[in-house]
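Novice: First, the structure itself, so that you have it in front of you.
The values are calculated or read from the model by the stated rules, or taken from the named source; none is laboratory data. Bear in mind that the values here come from a model prediction, so they are computed numbers and not experimental data. Methodologically, a virtual Cβ is constructed for each residue, glycine included, from the backbone with ideal geometry; neighbour enumeration extends over all protein chains shown.
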Amino acid sequence: MEILPFILFFTCSLALTQASQLFCLQDESVSRVPLHKPLVISTWPFVEAVEMAKAAVEGGASALDAVVDGCTTCENLRCDGSVGYGGSPDENGETTLDAMVMDGTTMNVGAVGALRFVKEAIRAAKLVLEYTEHTLLVGDQASAFAVSLGLPGPVNLSTTDSMQKWSTWRKHRCQPNFWENVLPDCHTSCGPYRPCQDKSSPLELGDCSCDCWKRMLGGGMSTMKGIGRRSHDTISMAVIDKDGRIAVGTSTNGATFKIPGRVGDGPIVGAAAYADDDVGACGATGDGDIMMRFLPCYQVVESMRLGLEPQLAANDAISRIRRKYPSFIGALFAINKDGVHAGAAHGWTFQYSFWSSGMAKVKIFTVFPEVF
């Protein structure tokens with residue numbers, strides 16, 4: 001009979017070990033104690049952006065204004081080449097921008113997608129929030145709206161570096177790209193493309209792009225498309241001011257070599273960011289085309305509303321995506337209204353930046369994934 005307690009202890013210990021390894025989190029990648037406000041949290045080691053938001057909120061700015069100041073800093077610095085002008089050219093060599101801001105007090109949102117000729121994407125999103133009853137404006141009309149309300153433009157969002165990147169991509173037969181089920185074969189040609197005659201038949205496999213069959217067999221294409229931090233990324237930031245008001249914001253130039261007109265998860269409410277003063281906030285980054293189908297940040301906040309700790313809420317949101325798309329690449333942070341925060345990742349090593357009142361400097365937390 002004495003062996004039974006040992007067996008139970010061993011079984012429970014093994015289960016807890018396996019659960020803790022689900023996302024291979026470092027011990028320091030989660031804060032379990034409430035922290036002093038105000039505070040700032042952001043995807044990736046974008047320290048300058050967090051410091052700008054810190055300075056703003058410490059100086060009395062609203063959480064919303066602090067988020068905008070922080071993300072604008074990243075746009076100006078062109079963080080990782082994946083935020084702001086001069087990065088992630090589309091198939092035509094043009095850089096376009098997506099951004100969003102959300103007020104967790106009022107649940108008001110402003111967003112822009114496929115923004116052209118205007119550098120200050122998150123300020124354009126804030127104009128949508130402040131001066132319209134809409135949530136999202138896109139394309140040339142969004143650009144005209146932003147310029148009409150005083151933002152500089154039109155300006156060229158391309159740079160010598162981005163055009164050189166696009167030219168090299170063209171020389172390599174436009175690989176990788178985001179097409180599927182087309183002729184000529186998108187793995188060997190730049191197009192123009194046309195639909196397959198019968199993409200539902202395996203008989204077409206030898207003549208048509210086989211991406212549809214690879215999706216069926218592999219459950220995702222993120223790794224095949226070359227998605228990574230410097231080709232497919234977002235700054236997503238949350239600020240909680242001293243009175244507990246929460247705001248989030250995002251900014252990105254989207255997926256490198258995307259099909260023109262593509263809008264990612266950055267400006268989609270609940271996908272790349274979400275906030276509610278009563279609960280907390282979330283910010284996400286990664287393969288936006290996959291992640292927006294699950295609204296992971298909305299899921300995180302609603303899970304915390306139901307009582308889950310930030311770490312469990314973050315793990316759950318990533319698991320929901322992984323079950324359907326085992327090869328997807330993405331990550332997120334979760335923070336509750338008390339400042340308890342955590343991260344979860346899949347397919348890459350993720351880092352997020354954090355600062356709260358009383359901290360001497362911004363701290364970087366690292367989250368390791370289960371699968372690379």
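Novice: Determine which member of the set VAL128, VAL67 is more than 19 Å from GLY288 (Cα to Cα) and free of Cβ contacts under 8 Å to residues at least 24 places away in the same chain.
Specialist: Working: VAL67 fails: free of Cβ contacts under 8 Å to residues at least 24 places away in the same chain.
So the residue among VAL128, VAL67 that is more than 19 Å from GLY288 (Cα to Cα) and free of Cβ contacts under 8 Å to residues at least 24 places away in the same chain is VAL128.
Novice: Follow-up. Which numbered condition trips up LYS54, out of (1) assigned to a loop (DSSP other than H, G, I, E, B); (2) touching a residue at least 60 places away in the same chain (Cβ under 8 Å); (3) crowded, with 22+ Cβ neighbours inside 10 Å?
Specialist: Of everything listed in (1) assigned to a loop (DSSP other than H, G, I, E, B); (2) touching a residue at least 60 places away in the same chain (Cβ under 8 Å); (3) crowded, with 22+ Cβ neighbours inside 10 Å, LYS54 misses just condition (1).
Novice: Right, here's the next one. Which condition number does PRO369 fail, the rest of (1) at pLDDT 95 or above; (2) part of a loop (DSSP other than H, G, I, E, B) being met?
Specialist: Every listed condition holds for PRO369 apart from (1).
Novice: What about ALA146, is it over 25 Å from SER357 (Cα atoms), modelled with pLDDT of 95 or more, under 17 Å from the mean Cα position of the chain (by Cα) and surrounded by 24 or more Cβ atoms within 10 Å (Cβ to Cβ)? Please lay out each step first, then the result.
Specialist: Working: over 25 Å from SER357 (Cα atoms): yes; modelled with pLDDT of 95 or more: yes; under 17 Å from the mean Cα position of the chain (by Cα): no; surrounded by 24 or more Cβ atoms within 10 Å (Cβ to Cβ): yes.
Considered against the rule, which asks whether it is over 25 Å from SER357 (Cα atoms), modelled with pLDDT of 95 or more, under 17 Å from the mean Cα position of the chain (by Cα) and surrounded by 24 or more Cβ atoms within 10 Å (Cβ to Cβ), ALA146 comes out as no.
Novice: Scanning for something closer than 26 Å to ALA55 by Cα, modelled with pLDDT under 95 and in a loop (DSSP other than H, G, I, E, B), does segment 218-234 turn up at least one residue? Reasoning before the result, please.
Specialist: Looking only at segment 218-234, we keep the residues that are closer than 26 Å to ALA55 by Cα, and these are 233-234.
If we keep only those that are modelled with pLDDT under 95 too, we end up with 233-234.
If we keep only those that are in a loop (DSSP other than H, G, I, E, B) as well, we get 233-234.
There is at least one residue in segment 218-234 that is closer than 26 Å to ALA55 by Cα, modelled with pLDDT under 95 and in a loop (DSSP other than H, G, I, E, B).
Novice: Evaluate segment 146-165: report whether one residue or more is in contact (Cβ under 8 Å) with a residue 60 or more places away in the chain, among the β-branched types (Val, Ile, Thr) and touching a helix residue (DSSP H, G or I) at 6+ places or on another chain (Cβ under 8 Å).
Specialist: There is no residue in segment 146-165 that is in contact (Cβ under 8 Å) with a residue 60 or more places away in the chain, among the β-branched types (Val, Ile, Thr) and touching a helix residue (DSSP H, G or I) at 6+ places or on another chain (Cβ under 8 Å).
Novice: Pick out, from segment 96-191, the strands (runs of 3 or more DSSP E) lying fully within it that include 1 or more residues that are farther than 26 Å from GLY70 by Cα. If you could, list the steps in order and put the result at the bottom.
Specialist: Details: elements: 97-103, 109-115, 136-138.
Because the criterion is at least 1 residues that are farther than 26 Å from GLY70 by Cα, no strands (runs of 3 or more DSSP E) in segment 96-191 meet it.
Novice: Suppose we keep only residues that are in contact with a Pro (Cβ under 7 Å, 6 or more places away or on another chain) and surrounded by fewer than 24 Cβ atoms within 10 Å (Cβ to Cβ) within segment 337-352. Which one would you say is nearest to TRP44 (Cα to Cα)?
Specialist: Out of the qualifying residues, it is GLN351.
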